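Comments concern the structure below.
The values are calculated or read from the model by the stated rules, or taken from the named source; none is laboratory data. Remember, predicted model here, so these are calculated numbers, not experimental data. Cβ atoms come from the backbone with ideal geometry, glycine included; neighbour counts cover every protein chain shown.
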Amino acid sequence: MDELRTQLDSYNIHQNTIFSIGMFDGVHLGHQHLLNQVCKIAQNNSCKSGIITFTDHPRKLFDPSITIPLITSVDEKKAFIENIGIDFVIPIQFTKSISELTYEQFIKTIINSANLKGLVLGPDTAIGFKRLGTPDKLKELGNELDYEVFNINQLNFNNKRVSSSLTRQAISEGNMDLCTQYLGRNYSISGTVIKGKGIGNPVLGYPTANLDMSSVKTILPANGIYATKIKLDGREFFGATSIGYNPTFNNEEKSIESFIIDFNENLYGKDIEINFVKWIRQEESFDNTVELQKQMTDDINQIIQLFKGKN
């Protein structure tokens, strides 16, 4: 309890607050539906709205061998949630000590450290050790400790529940159309531009911004060529982004390279955001650079026409 209390106390929450608790990875439409309800319920009860989320996926604590790539970084998630109107976003480091708290201990700590007055529960919410804090148990505890429980129905899309796992699958398959529908926005990654192998401009005539792979902290779309929007320094440009191994040049290391249309500035060391609008084609190996250059020209023309049609 002390570890959770210490993390919550650092936010100095003294107002009565309506909370929801969860991973909220991606802040997809299902999350947005619940978050809007948190704001509404808080307003109706003259309370502040709060979200307790986690910096790492809780499942990784119990099975370190599993890989669950995140859709949003902690900072991105926090910003998305705050933009919806939530007053307090509290990212908690999910530790072994916290995982062993009973749901009673977990809730009592939130009451004492963050003035919990209401708990908004999404579908399948369960809190505490062995997930024993089911909605019914949390409601019973609420009657005892004087907080109210609000159950929110799930949001469906094409008869499927919108979820982080479905969103993650769409990204990993390069299905940007479906991903955009789940998120309500284009999926994006952020990273720092580094010097590449020098092939784009002198060899192919298309200079590219190459991302430092270690600076990208979220899931990558499937290998291929994408129509993208590139954001930097408060500006937005259209781009063609390649993810993969550049098979024409037999590269062994994966790379993310973006040709930014109508742009000619030095980006080395700058952070950029790449928003994936549409999958164009899979990566291919060409017999020579002339064929590759022709295909790149075709890709870029297709992307320009795509964006012209959206304006």
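Points to keep in mind about this one:
- Looking at segment 64-167, the helices (runs of 4 or more DSSP H) lying wholly inside it that each contain 2 or more residues that are touching a strand residue (DSSP E or B) at 6+ places or on another chain (Cβ under 6 Å) sit at 74-84, 103-114, 135-145.
- Condition met for PHE150 (modelled with pLDDT of 95 or more and assigned by TED's automatic domain parsing to the domain that holds TYR268): no
- Flag if VAL193 is touching a residue at least 40 places away in the same chain (Cβ under 8 Å) and among the β-branched types (Val, Ile, Thr): yes
- The residue of segment 185-199 that is modelled with the highest pLDDT, among those that are under 14 Å from ASN266 (Cα atoms) and part of a loop (DSSP other than H, G, I, E, B), is LYS195.
- Scan of segment 239-281 for residues that are touching a Gly at 6+ places or on another chain (Cβ under 8 Å) and touching a residue at least 60 places away in the same chain (Cβ under 8 Å), ordered by number: ILE256, GLU257, ASP271, ILE272, ILE274, TRP279
- For segment 62-76, filtering for residues that are of a type outside the set (Val, Ile, Thr) and either free of Cβ contacts under 8 Å to residues at least 40 places away in the same chain or in contact with a Phe, Trp or Tyr (Cβ under 6 Å, 6 or more places away or on another chain) (or both) leaves 5.
- Some residue of segment 197-204 being among the charged types (D, E, K, R) and assigned by TED's automatic domain parsing to the domain that holds SER258: yes
- Residues that are in contact with a helix residue (DSSP H, G or I) (Cβ under 6 Å, 6 or more places away or on another chain) and exposed (fewer than 15 other Cβ atoms within 10 Å of the Cβ), drawn from segment 256-311: SER285
- Near pairs, Cβ below 9 angstrom, 6+ apart or cross-chain, from segment 37-61 (assigned by TED's automatic domain parsing to the domain that holds PHE80 and at pLDDT below 95) to any residue that is part of a helix (DSSP H, G or I) and among the polar types (S, T, N, Q): PRO58/SER99; LEU61/SER99
- So GLU236, is it under 21 Å from the mean Cα position of the chain (by Cα), surrounded by fewer than 17 Cβ atoms within 10 Å (Cβ to Cβ) and in contact (Cβ under 8 Å) with a residue 40 or more places away in the chain: no
- Members of segment 113-141 that are crowded, with 19+ Cβ neighbours inside 10 Å and either outside the structural domain of PHE88 (by TED's automatic domain parsing) or hydroxyl-bearing (Ser, Thr, Tyr) (or both): SER113, THR125
- Some residue of segment 86-108 being more than 28 Å from ASN275 (Cα to Cα), of a type in the set (Ser, Thr, Tyr) and touching a Pro at 6+ places or on another chain (Cβ under 8 Å): yes
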